[in-house]
Amino acid sequence: MSVDSKQINEFIKKQLEVWPTAADNFKALENVKVKDIDVDGMKIKVQFNPARIVSSSAKVDAKSLKERKCFLCAANRPAVQTGIEWGKDGKYIILINPFPIFPRHLTIPDQSHVDQLVVDRIEDMMDLASELDEYTVFYNGPKCGASAPDHMHFQAGNSDFLTIAEALENAEHKTIVEDEGKASLSVVDGLPLKVFVIDAIDHKAGAQIFRRLYDALPVPEGEKEPMMNILCYSTPAGERLVVIPRKRHRPSFYGMDTDDQMLMSPASVDMGGVFITPLEKDYNRVDADVIRRIFDELCLSYDEINEIASRVK
């Protein structure tokens, strides 16, 4: 089952006509505060979005997940929330996200309740980004911003919202692996965070290169996969995967209990250049130094990235 951006845009419009809660939250985006910050040459946006406190403060420990109903399972979704089946045999369902960051924000869960693991789904991710050419598809690892780490899902939002694509166009890419023009892997220098980029005309070749990178990434003790955020979007040269390895779930100052804490739980959108703050006091405090500290605490260093690059086989 395939889709296109025009079909999805119409689907969002129809859902908002019949779902008042979602409509109100999408409407509220028109009035959110946004400020621009330059962080070492990369444009970063900071958004004050009170509705996102649901995700930013989500408890994702095993006990909390076991005690709550999964909001991505069909049996627990609101009756008004309809979707569009996508993928081979309707493997996924495309839904609107009722707590949006983007003017057009989607959640794409697997139809089955299975763990948030991405390794065998990269080709799906690139296929979806190709069909939804106006959108960036993204993946949050279980401890990298996912508020439902017990149910496999992607998200997607309109591509003109994030800033990392422009930053990558102006950054230096050092090619590590190339597969006869079908796909390539590079490490990017010059951004305030360290990332890998896979450019793929052939999605199968791109997925194979991703697996080589995946196997070279460290897996934290007790976890099933490396910590990472992934962004995927279409370019004139095919689909681009931006792989952002992580070493920590949340910054050391995460929380609401003391004045020096901030309720920031960075995920793919934040790493993609738009930091979300559900509390106004945090929005007012965020500056370039705070963003640098988040990147330093959560992302891998230049030396760590180069060590991984040397292990890609």
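Bear in mind that the values in this text are calculations on the coordinates, not laboratory data. This structure is a prediction, so every number in the text was calculated from the model and none was measured. We place every Cβ from the backbone using ideal geometry, glycine too, and count neighbours over all the protein chains shown.
Details
- Alpha carbon convex hull of the range 126-264, volume per residue in cubic angstrom: 136 Å³
- Based on C-alpha pairs under 8 angstrom that are at least 6 apart in sequence, the chain has a relative contact order of 20 percent.
- Two tests apply to each whole DSSP H helix in the chain, Cα reach of 30 Å or more along its axis and mean Kyte-Doolittle hydropathy of at least -0.5, and none passes both.
- Counting charges near PHE210 (Lys, Arg +1; Asp, Glu -1) among other residues having Cβ under 15 Å from its Cβ returns a value of -3.
- FRET efficiency estimate (nearest 0.05) - Cβ-Cβ, LYS204 to GLU85, R0 25 angstrom: 0.65
- Theoretical ellipticity at 222 nm over the chain - DSSP helices of four or more residues, -39500 (n - 2.57) apiece, nearest 500: -8500 deg cm²/dmol
- Computed over the range 60-186, the P(r) tail beyond 24 angstrom holds 35 percent of alpha carbon pairs.
- Which listed pairs, of LYS45/LYS88; LYS88/LYS182; LYS35/LYS174, have C-alpha distances above 28 Å, in listed order: LYS45/LYS88; LYS35/LYS174
- Entry for mean projected area of the Cα convex hull in nm² (calculated from the structure that is shown) out of (1) 14.4; (2) 24.1; (3) 15.5: (3)
- Local electrostatic count, SER186, Cβ distance below 15 Å [Lys/Arg +1, Asp/Glu -1]: -2
- Within the shell defined by Cβ-Cβ distances under 12 Å, the residues around TYR283 carry a net charge of +3, with Lys and Arg each +1 and Asp and Glu each -1.
- Here the simple spin-label model places points 7 Å from the Cα toward Cβ, and for ARG293 and ASP215 these points are separated by 4.0 nm.
- Highest-MSF residue in the chain out of ASP150, ASP257, ASP36 [GNM, Cα springs under 10 Å]: ASP257
- At most 13 other Cβ within 10 Å, DSSP loop - chymotrypsin sites (Phe, Trp or Tyr not before Pro), the range 224-259: none
- For HIS153, the residues whose modelled amide H falls within less than 5 Å of its own, excluding neighbours fewer than 5 places apart on the same chain, are ASP110.
- Extended-chain gain in nm, criterion 0.36 nm per residue less alpha-carbon gap, GLU180 and LYS13: 55.9 nm
- In range of the label at LYS6: residues from the range 122-136 whose backbone nitrogen is under 20 Å from the point 7 Å along Cα→Cβ: 128-136
- With the simple model of a label 7 Å out from the Cα in the direction of the Cβ, THR21 to GLU172 spans 5.0 nm.
- Spin-label proximity, LYS35 to the range 94-125 - amide N less than 17 Å from point 7 Å beyond Cα toward beta carbon: none
- Ordering GLY83, PHE102, ALA129 by Cα displacement along the dipole of the chain toward the positive end leaves GLY83 in first place; charges were set at the Cβ atoms of Lys, Arg (+1) and Asp, Glu (-1).
- Phi angles across the range 250-267 convert, under the Karplus curve 6.51 cos²θ - 1.76 cosθ + 1.60 with θ = phi - 60°, into 3J(HN,Hα) values of 9, x, 4, 9, 5, x, 10, 7, 10, 5, 8, 8, 9, 8, 10, 10, x, 10 Hz, Gly and Pro given as x.
- Paramagnetic reach from ALA28 in the range 96-137 [backbone N under 14 Å; point 7 Å along Cα→Cβ]: 98-102
- Proximal aspartates and glutamates to LYS43, defined as alpha-carbon separation beneath 20 angstrom and excluding residues fewer than eight positions away on the same chain: ASP160, GLU166, GLU169, GLU172, ASP189, ASP270, ASP282, ASP287, ASP289, ASP296, GLU297
- Over 21 Å apart at the Cα level, from the set LYS143/LYS247; LYS6/LYS33; LYS143/LYS313, are LYS6/LYS33; LYS143/LYS313.
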